[in-house]
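Below you'll find the structure, written out as C-alpha cells, and then a few comments.
The values are calculated or read from the model by the stated rules, or taken from the named source; none is laboratory data. None of these values were measured; they are calculated from a predicted model. Heads up, the Cβs are rebuilt from the backbone with ideal geometry, glycines too, and the neighbour counts pull from every protein chain shown.
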Amino acid sequence: MIEPMQCTGYLMRLLALYHIISFISFSRAEARIRHYKWEVNYGFQSPDRYKKLAITINGRTPGPKILAQQGDTIVVELKNNLFTENVAIHWHGIRQIGTPWSDGAGGVTQCPIQPGESFIYKFVVDRAGTYIYHGHYGMQREAGLYGSIIVSLPNGVSEPFSYDSDRTILLNDWFHKGTDEQVIGLSSIPFVFVGEPQSLLINGRGKYNCSLLNTPSSEPGLCNATNPECSPYVLTVVPGKIYRLRLGSLTALSALSFEIEDHEMTVVEADGSYVEPFVTRNLYIYSGETYSVLVKAKQNSSRNYWISANVVSRKPSTPTGLAIFNYYPNHPQKPPKTLPPAGPLWNDTKSRLAQSLAFKARQGFINTPPLSSDRVIVLLNTQNKIDGYYKWSLNNLSFTYPTTPYLIALKNNLTDAFDRRPPPDRYDFANYDIYSVAKNVNATYSNRIYRLKFNSTVDIILQNANTMTLNHSETHPWHLHGHEFWVLGYGLGKYNMSSDWRKYNLFNPIMKNTVPLHPYGWTALRFRADNPGVWAFHCHIESHFYMGMTVVFEEGIDKVGKLPSSIMGCGETRNPYI
Ligand SMILES: O=C1O[C@H]([C@@H](O)CO)C(O)=C1O
C-alpha cells in the first residue's frame, strides 16, 4: 500500500529522473560537430598599407572565426599549401581533454604538417569563453596565422551579466620584415633582434605612415597610403546599448594597453573564466591573453571615438593602433577630431602590477584552489649567450626540440628520443643576483622535460631577472597548454621561499592560461596535473619562445589513448610500425 506522501515522494523522484534524462538527452542533442575546411597559404597582404608576404587561412588574416557552443566538437581539416614550410596550429585555451594530439604544438604533440599535406584537428570545446588559435611552428603567428574561437554557453544557461551584443577584437603587432629574416637574425652571430613592430593591428587593420620608408621603393604600390583595404576597423554602436567586447592579443612581442576614448570598461572575463567585475579606463593585455569587457554606449553622441592600443613595457617606437568606435548614425569612417588616447607611461610597471593584482574570481563562480601543493618548481627566466648565440633559459636550460615529438616518444617509450634527465626544480637562490647582468656561463641547450605525478598539485614560481643589458628586465607572458591555472600572486624582487607564499590569494584567485611575469618580479601559479598528455609552457613572445624560453610537462602518459597515426612521420616516428 502506498501512502499519499510516499506517492508524492515517488512522483517527485520520477519527475527528477525525467528531468535528468531529458537534460542529458537535450544536452546531447545540442552538441554539434562544427566542420571547417582551411587552406593555409602565403599571400601578399597590406593590412597596414605596406605590402608584405603574410600567411593566410582561406585567403585571410586574421583567419576565420570559430563560433561554437560549449560541448561542440570542432573539426578543422587543414591543408598546408605553403610551398616550403611546415605548419601546426594551436587552439589556445582549449584544454584538449582526451585529445592531447590535437593541441597543435609542433614538435611536442605532433609532427608538423608538411607542405602539400592535410591534417585533421578534432577536439571538444568544453568551456564557454573567449579563446584564440594561432600557428605554433617556427614563428608563423607573426606572419598572420591566427584567429578567434568564441564558445557560447549551452542553451538555457545565461551569463552572470547582460549585454545587447558582442564583438570580437583581435590585437596584434605587425612587422614588415619577413618571418624567415627574423628567424635567421635571431639565430645569427652577431644577433639581430626582430626590433619593434612597424604598426599595431586591430582586427587585422593598421595604418603605417608610408612617407617613413626611407628609400623610394622600386616596387610601385609597396606602400599605398590610399589603399581602401586599410581603412580602420569600425565598431558601430547604437546609443544606450551595452556591448561585450571579446579581446584577444596575438602580439609577437608587444604588451598593450587597450582603451576606448572617453568610455569606461567593465572587465568580466579573463581567459574563459568569469572575473569579479571591475571598471577601468585602460586594460593591459599581454600576448596570449583574452578578456571580455562590457562597454555602455552613451545615450547619444554626435561624434565617433577612438579605440586605441598602445605599446607598454618596452620603449614604444610604434604608433598607437587605432580603430573607430562609431556612434550610429554618425558616418562610420569619420575619424574623431580629438587626439587618440596616448596610453599610460610605457615603463609604469607599478600600474601594470596593480592591475594584475586587481583580478579576482567572480563571486558565485569561485573555483577554490587546493590549499597546498605537492611540488614547487621555481623557474628563473634569464637571457644569456650559449656558444655566442643569444638565448633565453629557464634554470640555465634553453629549450630545443627533439626530432621526435614528446607525446609520441613517451607513449611509445622511445628512450633515445630526448634527454631523460629531469631538469632542475630550483635555481641557485643564494648566489643569484636578479638585478645584475649575470653571464650564466653554465647555460646549455636542453630538451629535458618535467614529469609530473598524475593528479598532483604543482606550483610554478616564475622568477624574472636582469637581461644582458644593464638595468633592464622585460615582461614575459607565460602560457600553459592543456590546463588553466590559479594565479596565486605577483610580487616584485626575488621570491622568498619562506615568506612570499603568505601573500597568496587562496580565497578567490582567477584561473587563466596566460599570465604576465613583470620586470624584476615573480608570479606564482598552481595547477592540477590531471590532463593526460604532454604540454608546453612558454613565454608567448614569439622570438623568446623561439630562443628557448619553454619548458615541457608530462603527466599521465599511460592514460593517453591510442595516438592517431596522422601525428607521426618525423624523427623516429618515420617507423611505420609505431
Ligand atoms: O630577446 C631580446 O633581445 C633583445 C635585446 O635584449 C638584445 O638585443 C630584446 O629586446 C629582447 O626581448
Original post:
In this structure, does Gly93 turn out to be in contact (Cβ under 8 Å) with a residue 24 or more places away in the chain and more than 20 Å from Ser148 (Cα to Cα)?
Top reply: no
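If you take just the strands (runs of 3 or more DSSP E) that sit entirely in segment 176-289, which of them hold at least 1 residues that are away from the ligand (no atom under 16 Å from the Cβ) and aromatic (Phe, Trp, Tyr)?
Passing ranges, in order: 242-249, 255-260, 273-280, 282-285.
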Original post:
Here are Val378, Val293: which of them is more than 16 Å from the ligand (Cβ to nearest atom), within 19 Å of Tyr233 (Cα to Cα) and either under 25 Å from the mean Cα position of the chain (by Cα) or of a type in the set (Ser, Thr, Tyr) (or both)?
Top reply: Val293
Original post:
With Thr475, Thr550 as the choices, which residue is within 16 Å of the ligand (Cβ to nearest atom) and farther than 23 Å from Pro423 by Cα?
Top reply: Thr475
Original post:
Would you call Tyr286 of a type in the set (Phe, Trp, Tyr) and surrounded by fewer than 24 Cβ atoms within 10 Å (Cβ to Cβ)?
Top reply: no
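Given the structure, is Lys512 away from the ligand (no atom under 16 Å from the Cβ) and more than 25 Å from the chain's Cα centre (by Cα)?
no
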**OP:** Output the residues belonging to segment 456-505 that are over 23 Å from the mean Cα position of the chain (by Cα) and crowded, with 19+ Cβ neighbours inside 10 Å.
**Re:** Asn466, Thr467, Lys494, Tyr495
Original post:
Any residue in segment 470-479 that is modelled with pLDDT of 95 or more, hydrophobic (A, V, I, L, M, F, W, C) and in contact with an Asp or Glu (Cβ under 8 Å, 6 or more places away or on another chain)?
Top reply: no
Original post:
Out of all the residues in segment 209-249, which are at pLDDT 95 or above and over 30 Å from Gly93 (Cα atoms)?
Top reply: Val238, Pro239, Gly240
**OP:** Residue by residue through segment 98-113, note down the ones that are without any contact (Cβ under 8 Å) to a residue 40 or more places away in the chain, of a type outside the set (Ser, Thr, Tyr) and part of a loop (DSSP other than H, G, I, E, B).
**Re:** Gly104
Original post:
On the given criteria, is His540 in contact with a His (Cβ under 6 Å, 6 or more places away or on another chain) and within 16 Å of the ligand (Cβ to nearest atom)?
Top reply: yes
Subject >> Answer from Ser313, Ser287 - the residue that is of a type outside the set (A, V, I, L, M), in contact with a helix residue (DSSP H, G or I) (Cβ under 9 Å, 6 or more places away or on another chain) and on the phi > 0 side of the Ramachandran plot >> reply: Ser313
